[in-house]
Amino acid sequence: MTLIDRYRRWRHGRGYGVHSPFAYFMVKEVVRSDKEYDYYGYADIDDACNNMPCNRLNRRTRRHAHTLLRLASRLDVRSAYLPKADADAPYLAALKAANSRIELHSAMADMNRCDLVLSSDDYIPLQRLCEFISLPGKTLGMRHLPHGWAETLFESLPQGLMLHDSDSLIIVNRPDMQKVSYSIKL
């Protein structure tokens, strides 16, 4: 990553240069929110992270789970797909804290019925994710993103927003906005 790319990521992460109102909202209220008092689920996420065996990944897992809580809460997610392989306690705690009545699915057949799909690595085939994200109103969150997948997913997005870093992304298919992408540390 070049110095210019790092500078852009830093700027976008603070809302500078983000011209779409929805994208600015996502950066300031979801990715970089400083309003921790809004979310009572942080304690549940922190407890789940503290019970994980590997301390090295806890900080990043905690940050991703906090972001997931804010994302699911701000977008009013009513149903989510979380593969059993990804059903780590912090992510489950984040989804439950965002909406205690959220419908959670782990069968791939139910994926298209969900508002939000979460995955990691190549657990869900790329073609299936491209089909999902092309549907209006759908949101995708990924971590441990395989090389080249972000570009392919962005190409299949008809309209909406993609926030990404080197190995994570959030994509929101939003019919009322043009297609934009911002590099930001998630």
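Per-residue answers, yes or no, for (1) modelled with pLDDT of 75 or more; (2) in contact with a Phe, Trp or Tyr (Cβ under 9 Å, 6 or more places away or on another chain); (3) under 24 Å from Thr139 (Cβ atoms); (4) not aliphatic (A, V, I, L, M):
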position	(1), (2), (3), (4)
Arg6	no, no, no, yes
Arg14	no, no, yes, yes
Tyr24	yes, no, yes, yes
Val27	yes, yes, yes, no
Ser33	yes, yes, yes, yes
Asp44	yes, no, yes, yes
Arg63	yes, no, yes, yes
Ala72	yes, no, yes, no
Arg78	yes, no, yes, yes
Query raised in the report: Only one of (1) part of a loop (DSSP other than H, G, I, E, B); (2) closer than 20 Å to Thr61 by Cβ; (3) of a type outside the set (Asp, Glu) fails for Gly137. Which number is that?
Result: (2)
Requested in this report: From the list Tyr91, Tyr123, pick out the single residue that is among the hydroxyl-bearing types (Ser, Thr, Tyr), in contact with a helix residue (DSSP H, G or I) (Cβ under 8 Å, 6 or more places away or on another chain), touching a residue at least 24 places away in the same chain (Cβ under 8 Å) and outside any helix (DSSP H, G or I).
Outcome: Tyr123
Query raised in the report: Quick one: how many residues across the range 74-103 are loosely packed, with under 15 Cβ neighbours inside 10 Å, in contact with a strand residue (DSSP E or B) (Cβ under 9 Å, 6 or more places away or on another chain) and under 13 Å from Ser120 (Cβ atoms)?
Result: 2
Report task. For Ala109, indicate whether it is free of Cβ contacts under 8 Å to residues at least 24 places away in the same chain, among the aliphatic types (A, V, I, L, M), under 27 Å from His147 (Cα atoms) and open to solvent by 10 Å² or more (accessible area, probe 1.4 Å). Result -> yes
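The values are calculated or read from the model by the stated rules, or taken from the named source; none is laboratory data. Only a predicted model underlies this, so the values are computations on that prediction, with no experimental measurement involved. When we count neighbours, we look across all protein chains shown, and the Cβ atoms used for this are built from the backbone with ideal geometry, even at glycine. Side chains are part of the model used for accessible areas, which takes the heavy atoms of the whole protein and leaves out ligands, DNA and RNA. Shrake-Rupley method; radii C 1.70, N 1.55, O 1.52, S 1.80 Å.
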